[in-house]
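One structure is given here, and the rest of the page talks about it.
The values are calculated or read from the model by the stated rules, or taken from the named source; none is laboratory data. Being a predicted model, the structure only gives us computed values, none of them experimental. Cβ placement follows ideal geometry from the backbone for every residue including glycine, while neighbour counts extend to all protein chains displayed. For accessibility, only protein heavy atoms count, side chains too; no ligands or nucleic acids. Shrake-Rupley method; radii C 1.70, N 1.55, O 1.52, S 1.80 Å.
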Amino acid sequence: MACNVNVVHQAAMASAIGQPNKPSQRPNASLSAPSNSKPKSCCKLLLSSQSSFISGFSPSRPQTLTPFRSSRAQNFPVVGSAKAEPLRIMISGAPASGKGTQCQLITQKYGLVHVAAGDLLRAEIASGSENGRRARECMEQGQLVPDEIVVMMVKERLLQPDSKEKGWLLDGYPRSSSQAIALKELGFKPDLFILLEVPEEILVERVVGRRLDPITGKIYHLKYSPPETQEIASRLTQRFDDTEEKVKLRLNTHHQNVEAVLSMYEDITIKVNGSVNKEDVFTQIDSALTQLLDKRQATSESLAA
Ligand code: AP5
């Protein structure tokens, strides 16, 4: 079975286009994906269509946002809509860059629905399904799980009523241009793309020290975020792919794909310094989200006036 190595899983994706809902472990599962096999031209199409979606965007003046490392006001693109729509945020970064940790903090404050591709895959593995078995094989090798499995799972979760009502925080998806294109084809457009930047030497230490609480879902680190009590410490678990050997494979996969994904969202990207403590990382993200909401509010008030 092939994993997505440097992903453009066109054959599988193309076979899924236009197919009616297929029987699967998840009812009503269906895939829709682009037929275009040239990601770069698709990228141009995406940015061009976003120009009408995001007010203030100028194709002649690309709005790549500067790294968000100061308290100075940043110029975020504003979604031009008169009605208040829920936020749709993507968060990306290398393995152990702190995506899950920040998602816990973001959802606590903003009430978004956290949709984590890795968590969906681990749930599929735990269900004992064939898709789960295939996913685990890829994850063991630090490679991407094929699009026909991942796209379907993410799509289904984003279509749930809570994601539509409260907004979503998409974690670890897309990880390739083909996944980004599939999401756009399905009609899901993010307002902001957060990239956590962490030097590689820190990532390995974070991975091997990570522990998870199976009861609360909270993420710990033996050194940086130790469990509060002995009772919690005694029940912590470790992920099967959290070894030094496997994280190096995951990092290679990340490097192979990250630029292609970033190029799809450069006009709505903020780069966040993820190497400081988790509270300071959250402060940067919180400021960006607050500004986004403030600008939306101002836009909707001026449209209503
Ligand atoms: P996934 O589960 O998404 O793993 P990942 O991307 O490698 O990211 P992690 O979950 O390891 O780390 P994180 O960034 O969430 O960091 P965390 O907050 O936990 O994916 C696993 C696999 O599934 C992939 O390898 C792939 O095979 C497959 N997959 C997933 N998505 C896919 C997709 N879209 N397509 C195809 N395949 C897909 O933090 C890590 C540790 O650091 C913790 O211990 C934490 O306490 C600590 N920490 C966090 N922040 C800080 C801080 N600021 N300072 C100090 N310590 C910190």
Residue list for region 106-123, filter: open to solvent by 20 Å² or more (accessible area, probe 1.4 Å), within 10 Å of the ligand (Cβ to nearest atom) and hydrophobic (A, V, I, L, M, F, W, C):
L120
Within region 83-105, how many residues turn out to be part of a helix (DSSP H, G or I) and open to solvent by less than 40 Å² (accessible area, probe 1.4 Å)?
5
Of everything in region 240-254, what is free of Cβ contacts under 8 Å to residues at least 40 places away in the same chain and either in a helix (DSSP H, G or I) or in contact with a strand residue (DSSP E or B) (Cβ under 7 Å, 6 or more places away or on another chain) (or both)? Give them in sequence order.
D242, E245
Scan the strands (runs of 3 or more DSSP E) fully inside region 141-223 and keep the ones with 1 or more residues being within 14 Å of the chain's Cα centre (by Cα) and more than 11 Å from the ligand (Cβ to nearest atom).
168-171, 192-197
Show the residue pairs that are 6+ apart or on different chains and have beta-carbon atoms under 8 Å apart, the first residue being within region 136-151 and over 22 Å from E245 (Cα atoms), the second being within 6 Å of the ligand (Cβ to nearest atom) and of a type in the set (D, E, K, R).
none
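Would it be correct to say that E231 is free of Cβ contacts under 8 Å to residues at least 12 places away in the same chain and charged (D, E, K, R)?
yes
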Could you check how many residues of region 260-296 are part of a helix (DSSP H, G or I), touching a residue at least 60 places away in the same chain (Cβ under 8 Å) and of a type outside the set (D, E, K, R)?
16
Right, P86: more than 11 Å from the ligand (Cβ to nearest atom) and of a type outside the set (D, E, K, R) or not?
yes
When region 262-282 is checked residue by residue, the ones that are open to solvent by less than 30 Å² (accessible area, probe 1.4 Å) and of a type outside the set (A, V, I, L, M) are Y265, D267, T269, G274
Quick one: would you say Q291 is more than 13 Å from the ligand (Cβ to nearest atom), more than 23 Å from R206 (Cβ to Cβ) and open to solvent by 70 Å² or more (accessible area, probe 1.4 Å)?
no
Would you check which residues across region 230-261 are of a type in the set (V, I, T) and either more than 10 Å from the ligand (Cβ to nearest atom) or open to solvent by 30 Å² or more (accessible area, probe 1.4 Å) (or both) and list them?
I232, T237, T243, V258
When V204 is evaluated against the numbered criteria (1) touching a strand residue (DSSP E or B) at 6+ places or on another chain (Cβ under 9 Å); (2) open to solvent by 20 Å² or more (accessible area, probe 1.4 Å); (3) within 23 Å of V272 (Cβ to Cβ), which criterion, by number, is the only one it fails?
(1)
